[in-house]
Every structure is written in C-alpha cells, then in structure tokens.
Amino acid sequence: MKGKVYLVGAGPGDYKLMTLKGLECIRKSDVIVYDRLANIDYLKEAKENCEFINVGKASSNHLLPQDDINRLIADKALEGKVVTRLKGGDPYVFGRGGEEAEILREEGIDFEVVPGITSAIGGLCYAGIPITHRDHASSFHVVTGHPRNDGKETKEINWQALANVKGTLVFLMGIANLQHISENLIKEGKDKNTPVAFISWATRSNQRVVTATLENAYEVAVKENIKPPTLIVVGTVVNLREKLNFFEEKPLFGKNIVVTRCRTQSSLLSEKIRDMGGNPIEIPTIKIQKVEDNCELESEINRIKDYTYIVFSSKNAVDIFFDKLNDMNYDARVLCNSKICAVGSETAKAIKAKGIIADIVPKRYVAEGLYEELKDIINENDKILIPRAKNARDFLVNKLSEKSYVKEVITYESVIDADNKNLALQVIDDEEVEYITFASSSTVKNFMTLIGENNIKKLNDKKIISIGPITSKTIEDFGVEIYKEADEATIDSMIDIISNDKKVLMGDITC
Ligand code: SAH
C-alpha cells in the first residue's frame with residue numbers, strides 16, 4: 001500500500017496566511033516534515049499521534065541534506081502513510097519542492113502540490129511594499145541570492161538584464177551574498193540611489209524592516225546586523241512603504257504575550273492578540289484529566305431514566321458524559337425522562353452540539369443562578385444527577401440535597417499541565433517576551449508551580465497583566481508585582497492595557 005504526499009506551502013509566517021487546502025492536509029496527515037520557515041503553530045492542527053520531523057534550520061545549515069529529505073518523504077509514503085511536506089512560502093519558489101516532487105513521481109508515489117503565498121510577494125505586502133505599481137514597476141523578478149556550490153546559478157543570473165529591467169527585484173537567500181548583488185547591479189548600470197528594503201521575518205510579529213540605497217546596502221546590513229531569513233527588495237516601490245505600511249501599525253505589533261489559560265479557554269485571547277498583530281505564546285497551565293474506567297458513571301447511566309434532572313456546569317462535563325454514553329452504545333434518546341440544565345452559555349452550546357437544547361440555562365452563569373431557577377420547581381420526588389469535576393464547589397450539591405435526591409459523579413479533574421514546564425522556563429528567561437497574562441487565580445498558582453519557587457522572582461522582569469482583584473491578590477501573594485490590572489474582568493480589557501502600553505521600537509530603521 002502506497003501512501004500519499006502533499007507538498008504544502010505554509011505561507012510566509014503569519015498563521016492565517018495558509019490555504020484552506022493546506023490546513024486540510026495537515027489535519028489528515030500521519031507524518032509532517034517541516035523546516036524552520038513554516039510557522040510551527042500549524043502542527044497544533046495535526047491529528048493525535050501524528051509524527052513531526054524537523055528537517056531544517058538556517059538555509060546553509062540544514063539538519064538533513066536534501067537527498068535525505070527526499071528519501072525520508074518517499075519512504076514514509078511507501079510505508080502507506082499520508083505525508084505533508086510543509087514548506088515556507090510556496091513550495092515551488094526556491095524551496096526545492098520541484099526536486100522533491102520529481103523523486104516522488106520517479107518512485108510512483110501519489111502526490112499533490114498545494115501552493116502557498118510566497119514571501120517574495122506576501123512578505124513585501126506586510127512591509128507596506130506592493131511588488132508592482134503603475135507609477136513604479138510594471139514587472140517583478142524573484143532571484144536567488146544563494147549560489148549553488150558549483151557556482152552554476154550565479155552565472156545563470158543575467159545581471160545586465162536585471163540592472164536594466166526597471167521592474168522590482170526581490171532577492172531571496174541573498175544576505176550572505178549582498179555585496180556581490182549590489183556591486184553587480186551598480187556595475188551593470190542600476191542607479192546607485194535606488195531604494196532597497198531588507199525585510200526580516202516578514203509577516204511575523206518580529207518582522208523587521210530596514211531601508212537603504214543600493215550604494216550603502218551592504219554597509220547598512222552589516223551595521224544593522226541583518227540576518228536570514230530576509231528578503232532584499234530593490235526598486236522605487238520601497239518608497240511606498242511610508243504610506244502603505246499597515247501591519248507594523250497594528251496595536252500589538254512586535255509584542256510577545258504569554259497566555260496561561262487552559263488550551264480550550266486560551267484560544268479567544270490568542271486569537272485577538274494575533275488579529276492585532278501580536279504574538280501570543282500559549283502556555284496552558286491546566287489540562288483536563290478524565291476519570292478512566294468510570295464504573296460509577298456507567299452505573300448511573302444504566303439507570304439514567306430514574307433521573308428527572310441532569311446538571312452540567314462545563315463543556316468538559318458534557319463531552320465526557322456523552323462520550324461515555326456513546327461508548328455504552330446509548331444515544332441522547334435515553335435522556336428522555338430528564339430535564340437538562342446548563343450553567344453557562346458555553347455549556348449550553350456543548351449540549352446543543354449533542355443534539356439537545358438545554359431546558360434550563362440560568363441567567364447568572366454560576367451555581368447560585370441555577371439554584372434560584374430550580375429551588376421552587378423541585379421536590380422530594382426528583383432525582384438530580386450532577387456529573388462534574390473533582391473539587392468543584394459544594395454549594396449546588398448541598399443546597400439541592402435539601403429538597404431532592406442528588407447524585408454527584410466525579411468525571412474529571414483539572415491538573416497541572418507539566419508538559420509545558422520547559423516552555424514556561426524558556427519564556428521567563430526570554431528577553432523578547434514582555435507580557436504575561438493571568439486570567440484566574442488557579443492559572444497563577446499552576447504557573448508558579450510549573451516554573452518552581454526559585455524562578456518566581458524572574459517574573460518581576462516581565463509586565464504582569466491581571467484580569468481582576470482576586471487574581472492580582474494571588475499574584476502578589478507570590479511576591480510578584482502586577483504591572484496593570486484590567487478595568488473590567490474581561491479579555492478585551494486585558495488587551496486594551498497592552499495595546500495602550502508604549503510601543504516597542506521594532507519598526508522602521510532608515511539609513
Ligand atoms: N519557498 C519560500 C522561499 C524559500 S527560500 C517562499 O516562497 O517564500 C528561503 C528564503 O526565502 C529565505 O532565505 C528568505 O530570503 C526568504 N524568506 C522566506 N520566508 C521569509 C520571511 N518570512 N521573511 C523574510 N524572508 C523570507
């Protein structure tokens with residue numbers, strides 16, 4: 001059985017600049033082979049047990065030689081696996097994707113290519129530089145600046161044509177060879193005052209743009225310590241940047257912000273940070289551990305028709321309950337004798353996803369709210385099942401028990417996500433990381449446990465943002481100073497603090 005290979009363009013780096021088709025390939029793959037230019041956040045979309053293979057670092061410093069990469073991809077497919085070869089930008093723009101595809105064809109392996117947004121166009125766009133413009137350039141030329149070892153490619157480059165063509169020139173992999181590039185262009189007649197832009201890590205939150213002229217380009221690049229991956233743009237379209245630069249003006253551009261909520265809750269905060277140009281670094285401190293082989297839950301489900309009410313107070317509780325129900329070969333119809341109660345709109349939504357509209361959703365999303373709704377309608381004949389988390393508050397069980405029979409079944413527990421310990425330690429030592437956000441006391445406690453007592457003082461070098469007074473108190477109890485507390489206890493209010501904070505100077509440097 002032969003598998004299939006998808007050569008997928010991951011786009012230039014901004015998480016949302018990948019095609020729907022590319023994402024689909026990632027989601028269905030057994031193996032993902034990627035290198036450093038592809039945004040590794042895409043790997044989170046992969047299915048469980050997907051194998052990840054990192055094959056590249058810097059352009060001249062591959063972890064694996066190209067022949068070995070070709071072999072690896074072919075071998076995995078020959079094992080019958082679905083393989084995604086994830087490449088930065090577009091797979092056929094200097095990515096050696098063509099060679100990889102040729103090998104697959106020779107070996108009779110089924111493959112497809114999914115184009116991506118090349119950095120040569122998309123990267124310029126995020127720097128405020130349109131690659132063509134009626135008043136500036138009616139063609140563009142994408143050139144490799146990285147000669148082959150045998151020098152063949154440099155000879156193939158027609159410097160005279162490039163110097164005289166008037167279109168925008170974009171050099172990829174050109175930094176090591178910059179002096180050669182600018183000298184050749186000037187020698188062949190290109191105006192030495194032609195504007196040049198260096199765009200490093202284009203479309204990412206750490207995008208950096210430096211502008212120069214062809215004449216001083218090399219000098220400026222050395223002075224500014226410009227490193228790959230960088231695009232070199234030559235042409236007057238560079239001047240449009242002053243007017244058209246939209247990305248670096250986003251309120252959170254250049255800001256690295258740690259998000260400590262559990263994965264399911266963090267997505268909203270991360271999404272907003274990303275939309276506003278920032279870089280969310282997710283370090284979930286809590287994970288959900290369900291009770292395995294839950295005999296107690298099984299026996300309650302077996303007599304579920306006795307229950308007149310079932311109370312859910314979290315999405316996790318809903319998912320775990322219905323998974324068990326299905327595992328036992330039942331479906332939602334067995335709940336026909338029970339009224340379903342949901343605390344919180346997310347919980348109600350999770351129930352709806354199972355095909356049931358909750359009968360009671362209290363206006364106040366807390367246990368007290370549900371008690372208010374139930375207290376006058378339940379009596380001693382009612383039986384209430386509450387499948388829920390360990391260590392949940394006693395209030396509901398105690399109060400409802402005064403009126404009816406209540407059965408609480410523990411179905412899961414929130415535990416510290418120790419898998420993220422190394423990432424957490426890395427982040428607190430990383431000078432580029434400016435903010436750490438905390439949206440509950442429990443995430444504070446778990447984060448502190450994760451990094452360990454001796455490292456807590458390092459948090460005083462970061463700007464700590466707290467969602468409200470209770471969370472702030474917990475942070476301060478650890479001896480850590482709060483930078484700012486949100487005015488309202490909302491995610492938006494936390495984001496406001498960061499976007500109104502003074503801007504880090506990462507933007508333009510003009511020489
Ligand atoms: N297939 C890729 C290019 C691979 S060659 C594409 O279509 O974009 C690698 C070179 O591309 C790097 O050395 C750099 O010059 C450029 N590059 C790729 N992504 C980049 C990015 N996000 N920022 C700046 N340069 C990038």
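The values are calculated or read from the model by the stated rules, or taken from the named source; none is laboratory data. Everything numeric here is computed off the predicted structure, so don't read it as measured data. Cβ atoms come from the backbone with ideal geometry, glycine included; neighbour counts cover every protein chain shown. Protein only, heavy atoms only, side chains kept; ligands, DNA and RNA dropped before computing areas. Shrake-Rupley method; radii C 1.70, N 1.55, O 1.52, S 1.80 Å.
Numerical summary
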{"item": "Count of segment 219-237 residues which are open to solvent by less than 40 Å² (accessible area, probe 1.4 Å) and more than 16 Å from L172 (Cα to Cα)", "result": "3"}
{"item": "Count of segment 385-406 residues which are touching an Asp or Glu at 6+ places or on another chain (Cβ under 6 Å) and assigned to a loop (DSSP other than H, G, I, E, B)", "result": "2"}
{"item": "Any pair with Cβ under 7 angstrom, 6 or more apart, that starts in segment 447-464 at a residue that is without any contact (Cβ under 8 Å) to a residue 24 or more places away in the chain and ends at one that is open to solvent by 30 Å² or more (accessible area, probe 1.4 Å) and not in a helix (DSSP H, G or I)", "result": "N460/E481"}
{"item": "Residues of segment 435-478 classified as part of a loop (DSSP other than H, G, I, E, B) and open to solvent by 60 Å² or more (accessible area, probe 1.4 Å), total", "result": "1"}
{"item": "Near pairs, Cβ below 6 angstrom, 6+ apart or cross-chain, from segment 343-371 (of a type in the set (D, E)) to any residue that is surrounded by fewer than 20 Cβ atoms within 10 Å (Cβ to Cβ)", "result": "D359/K339"}
{"item": "Residue, farthest from the ligand (Cβ to nearest atom), within segment 175-207, restricted to residues that are surrounded by fewer than 23 Cβ atoms within 10 Å (Cβ to Cβ) and small (G, A, S)", "result": "G189"}
{"item": "Members of segment 348-366 that are β-branched (V, I, T) and either in contact with a strand residue (DSSP E or B) (Cβ under 7 Å, 6 or more places away or on another chain) or open to solvent by less than 50 Å² (accessible area, probe 1.4 Å) (or both)", "result": "I351, I356, I360, V361"}
{"item": "Residue ranges of helices (runs of 4 or more DSSP H) in segment 1-116 with at least 3 members within 13 Å of the ligand (Cβ to nearest atom) and at pLDDT below 95", "result": "97-106"}
{"item": "Residues of segment 199-235 satisfying the condition of being touching a helix residue (DSSP H, G or I) at 6+ places or on another chain (Cβ under 6 Å) and not β-branched (V, I, T)", "result": "A202, A212, L214, A217, Y218, A221, P228, L231"}
{"item": "Qualifying residue in segment 5-27 (condition: basic (K, R) and open to solvent by less than 60 Å² (accessible area, probe 1.4 Å))", "result": "no"}
{"item": "Residue under evaluation N329, criteria (1) within 36 Å of the chain's Cα centre (by Cα); (2) in a loop (DSSP other than H, G, I, E, B), criterion not met", "result": "(1)"}
{"item": "Selection from segment 332-347 of residues that are in contact with a helix residue (DSSP H, G or I) (Cβ under 9 Å, 6 or more places away or on another chain) and either buried (at least 22 other Cβ atoms within 10 Å of the Cβ) or not in a strand (DSSP E or B) (or both)", "result": "A332, V334, L335, C336, N337, S338, C341, A342, V343, G344, E346, T347"}
{"item": "Segment 407-434: number of residues that are open to solvent by less than 50 Å² (accessible area, probe 1.4 Å), touching a helix residue (DSSP H, G or I) at 6+ places or on another chain (Cβ under 6 Å) and assigned to a strand (DSSP E or B)", "result": "4"}
{"item": "Qualifying positions in segment 117-140 - open to solvent by 50 Å² or more (accessible area, probe 1.4 Å) and away from the ligand (no atom under 14 Å from the Cβ)", "result": "T132, H133, R134, D135, H136, S138"}
{"item": "Residue in segment 300-322 that is aliphatic (A, V, I, L, M), touching a Lys or Arg at 6+ places or on another chain (Cβ under 7 Å) and open to solvent by 20 Å² or more (accessible area, probe 1.4 Å) present", "result": "yes"}
